[in-house]
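The values are calculated or read from the model by the stated rules, or taken from the named source; none is laboratory data. Model, not experiment: these values are computed from the prediction. Heads up, the Cβs are rebuilt from the backbone with ideal geometry, glycines too, and the neighbour counts pull from every protein chain shown. Note: accessible area is taken over every heavy atom of the protein model, side chains too, but ligands, DNA and RNA are not part of it. Shrake-Rupley method; radii C 1.70, N 1.55, O 1.52, S 1.80 Å.
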Amino acid sequence: MKLRLKEQLSEFAGTKTFVFEPEEPVTWQAGQYLHYFLEHPNADERGTERWFTIASAPYEKAVKITTRISPDHTSSFKTALQALKPGDEINSEEPKGKFVLDDPSRDGIFVSGGIGITPYIAILRQLDHDGSQINIELLYANRDDKDIPFRAELEAIAARHPNFHITYFIGEHKIDRQVLEEFGKKLEDPVYYISGPEPMVEAFEKTLKEMGLDEEHYKLDFFPGYPAE
């Protein structure tokens with residue numbers, strides 16, 4: 001599947017969004033990802049392919065990648081991605097992934113670390129667009145309170161949906177088992193969704209199992225190549 005670059009957007013400090021127009025119409029579920037291929041010279045050890053969540057909601061039609069770009073060190077793939085000009089193409093496979101809302105009416109707890117917010121912003125954008133009720137507690141961890149990805153948009157959605165709440169965890173204010181249990185008690189049989197760097201997601205999976213939750217009560221989505229927030 002070919003994707004043609006429409007534009008690059010500087011979202012926040014160290015974060016960019018790449019907007020692509022599919023050559024042919026493509027459908028996906030909010031929260032799914034694409035497997036991308038970008039051939040480029042002098043590829044580093046991480047190679048010429050990546051997996052990124054589709055940060056856009058299905059109703060938007062365009063495919064968006066939102067990712068961190070380090071000013072000090074970045075991969076050859078992201079360097080090549082930034083070098084693309086409008087009209088340039090990149091290849092991908094069809095949308096995949098199960099990190100989606102199976103039942104939007106069911107209570108959920110979204111746990112996100114940093115750029116792990118991308119599947120959630122896609123899900124929330126679609127629910128907001130559809131006028132659906134959002135029964136979600138978002139627990140959002142970041143290193144500091146500057147340039148939190150999508151903060152303004154998330155808070156605008158929360159203002160329109162009384163059952164959608166955001167709680168920020170900044171710096172040493174961590175999301176731990178006590179926090180997960182506290183928010184779980186507020187809701188009726190919630191599903192926990194965990195998205196972020198791989199070490200963070202693995203740690204939360206262990207905690208959820210220690211809490212006695214089975215796989216019917218949580219979903220995981222990790223971003224390889226990022227340190228824990």
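A few notes on this one:
- Exactly one residue out of 62, 83, 122 is buried (at least 22 other Cβ atoms within 10 Å of the Cβ) and closer than 20 Å to residue 9 by Cα: that is 122.
- Of the residues screened, residue 47 is one that is in contact with a helix residue (DSSP H, G or I) (Cβ under 8 Å, 6 or more places away or on another chain), surrounded by fewer than 17 Cβ atoms within 10 Å (Cβ to Cβ) and over 29 Å from residue 103 (Cα atoms).
- Scanning region 103-112 for residues that are open to solvent by less than 10 Å² (accessible area, probe 1.4 Å) and over 9 Å from the mean Cα position of the chain (by Cα) yields a count of 4.
- Candidates in region 86-102 are the residues that are farther than 16 Å from residue 3 by Cα and of a type in the set (A, V, I, L, M, F, W, C); of these, the one that is surrounded by the fewest Cβ atoms within 10 Å (Cβ to Cβ) is 100.
- Condition met for residue 120 (aromatic (Phe, Trp, Tyr) and over 19 Å from residue 176 (Cβ atoms)): yes
- The sole residue among 206, 219 that is modelled with pLDDT of 95 or more, surrounded by 15 or more Cβ atoms within 10 Å (Cβ to Cβ) and of a type in the set (Lys, Arg) is 219.
- Within region 125-147, tally of residues that are in a loop (DSSP other than H, G, I, E, B), of a type outside the set (D, E, K, R) and either open to solvent by 10 Å² or more (accessible area, probe 1.4 Å) or at positive phi (or both): 4
- For residue 189, the stated conditions hold: it is in a loop (DSSP other than H, G, I, E, B), surrounded by fewer than 21 Cβ atoms within 10 Å (Cβ to Cβ) and either of a type in the set (S, T, N, Q) or more than 16 Å from the chain's Cα centre (by Cα) (or both).
- The condition (being small (Gly, Ala, Ser), in contact (Cβ under 8 Å) with a residue 12 or more places away in the chain and touching a strand residue (DSSP E or B) at 6+ places or on another chain (Cβ under 6 Å)) is satisfied by just one residue among 70, 112: 112.
- Among the residues making up region 152-166, those that are surrounded by 14 or more Cβ atoms within 10 Å (Cβ to Cβ) and either among the polar types (S, T, N, Q) or under 22 Å from residue 204 (Cβ atoms) (or both) are 154, 164, 165, 166.
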